[in-house]
Amino acid sequence: MTTSLTLVIPCYQEGDRLRVEPFERFLADQPRVQLLFVDDGSTDATAERLSAIRAGRPDRIEILRLTRNAGKGEAVRRGLLAAMAAGPDLVGFWDADLSTPLDLVHEFVAVLDARPQVEWVIGSRWRGLGRSIERNALRHYLSRVFATAVSLVLGVAVYDTQCGAKVFRASALLERVVATPFRSRWIFDVELLARLRAEAASGRAEPLAVAVYELPLTTWRHDGRSHVRVRDFLRAIIDLWMIRRGLR
């Protein structure tokens with residue numbers, strides 16, 4: 001990659017499962033990438049694990065520690081703001097469990113390089129021939145229901161808002177979108193899109209269908225230690241209703 005990128009990695013209670021080697025290989029292969037790990041108030045060995053990772057590449061890895069758990073959305077938001085302050089061309093966030101392999105990052109960047117009108121590239125876990133998308137069946141079917149509801153709320157067809165792999169242009173537009181904390185703790189990804197939609201409505205951004213590109217992933221694997229519960233789905237629906245009210 002010739003474009004500079006800072007990738008935010010939100011972490012909460014990752015002391016036992018955070019893998020060092022994939023991040024080290026990624027940095028060795030991508031000299032223009034920086035990593036910013038955000039420790040979201042973990043109480044396990046996450047801080048020690050992150051310190052050990054940074055010790056190997058202190059010039060390429062930074063750590064932002066939140067004093068108490070604020071939720072993934074706030075960890076990502078704070079991380080993006082800190083990342084943009086250093087002046088990279090692009091910023092993004094990536095799930096710490098690497099359910100989306102790091103070697104796919106270049107595909108996100110390639111879209112932004114080839115399509116100047118696109119501001120954000122979001123990973124989409126589309127299950128199709130020639131792709132290796134390993135998802136829990138319940139998660140898959142609940143996500144289809146949820147994606148339909150999100151499409152109705154946002155007024156655009158969107159397949160997958162919740163994939164934890166997204167890359168953005170580090171722009172004044174993104175700074176405005178993440179300037180204030182999210183109202184939703186559970187579906188901040190949808191709120192990101194809703195805020196961008198509001199920017200478009202005010203004439204300060206292109207419509208969602210132009211500014212956002214869904215990139216179908218070739219590989220994604222479900223981490224078996226992450227579980228979805230019906231009550232989580234219900235909370236997401238409640239938050240979606242709140243976001244819909246905010247769009248009026």
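The values are calculated or read from the model by the stated rules, or taken from the named source; none is laboratory data. Just so you know, these numbers come straight off a predicted model, no measurement behind them. Note: ideal-geometry Cβ built from the backbone for every residue, glycine included; neighbour counts use all protein chains shown. With ligands, DNA and RNA removed, areas are computed over all heavy atoms of the protein, side chains included. Shrake-Rupley method; radii C 1.70, N 1.55, O 1.52, S 1.80 Å.
Computed quantities for the displayed model
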item	result
In the range 48-60, residue modelled with the lowest pLDDT [restricted to those that are open to solvent by less than 50 Å² (accessible area, probe 1.4 Å) and closer than 18 Å to Asp97 by Cβ]	Ile53
Yes/no for Pro116 being touching a Lys or Arg at 6+ places or on another chain (Cβ under 9 Å) and more than 29 Å from Asp239 (Cβ to Cβ)	no
Matching option when the condition is at pLDDT 95 or above, within 13 Å of the chain's Cα centre (by Cα), in a strand (DSSP E or B) and of a type outside the set (D, E, K, R), among Gly79, Gly92, Gly73	Gly92
Close pairs from the range 57-69: first within 15 Å of Pro31 (Cβ to Cβ) and in a strand (DSSP E or B), partner open to solvent by less than 90 Å² (accessible area, probe 1.4 Å) and of a type outside the set (Phe, Trp, Tyr), Cβ under 6 Å, at least 6 apart	Ile61/Leu35; Ile61/Arg54
Residue under evaluation Pro207, criteria (1) farther than 26 Å from Thr6 by Cα; (2) open to solvent by 50 Å² or more (accessible area, probe 1.4 Å), criterion not met	(1)
Odd one out for Arg244 among (1) assigned to a helix (DSSP H, G or I); (2) among the basic types (Lys, Arg); (3) at pLDDT 95 or above; (4) open to solvent by 50 Å² or more (accessible area, probe 1.4 Å)	(3)
Residue match in the range 210-218 (condition: free of Cβ contacts under 8 Å to residues at least 60 places away in the same chain, open to solvent by 50 Å² or more (accessible area, probe 1.4 Å) and farther than 23 Å from Ser99 by Cα)	no
Residues that are modelled with pLDDT of 95 or more, open to solvent by 50 Å² or more (accessible area, probe 1.4 Å) and out of contact with any Asp or Glu (no Cβ under 7 Å at 6 or more places or on another chain), drawn from the range 111-127	Asp113, Ala114, Arg115, Pro116
Selection from the range 23-47 of residues that are open to solvent by 20 Å² or more (accessible area, probe 1.4 Å) and not in a loop (DSSP other than H, G, I, E, B)	Glu24, Arg25, Ala28, Asp29, Gln34, Ala47
Condition check for Phe108: open to solvent by less than 50 Å² (accessible area, probe 1.4 Å), at pLDDT 95 or above and either of a type in the set (S, T, N, Q) or closer than 20 Å to Glu14 by Cβ (or both)	no
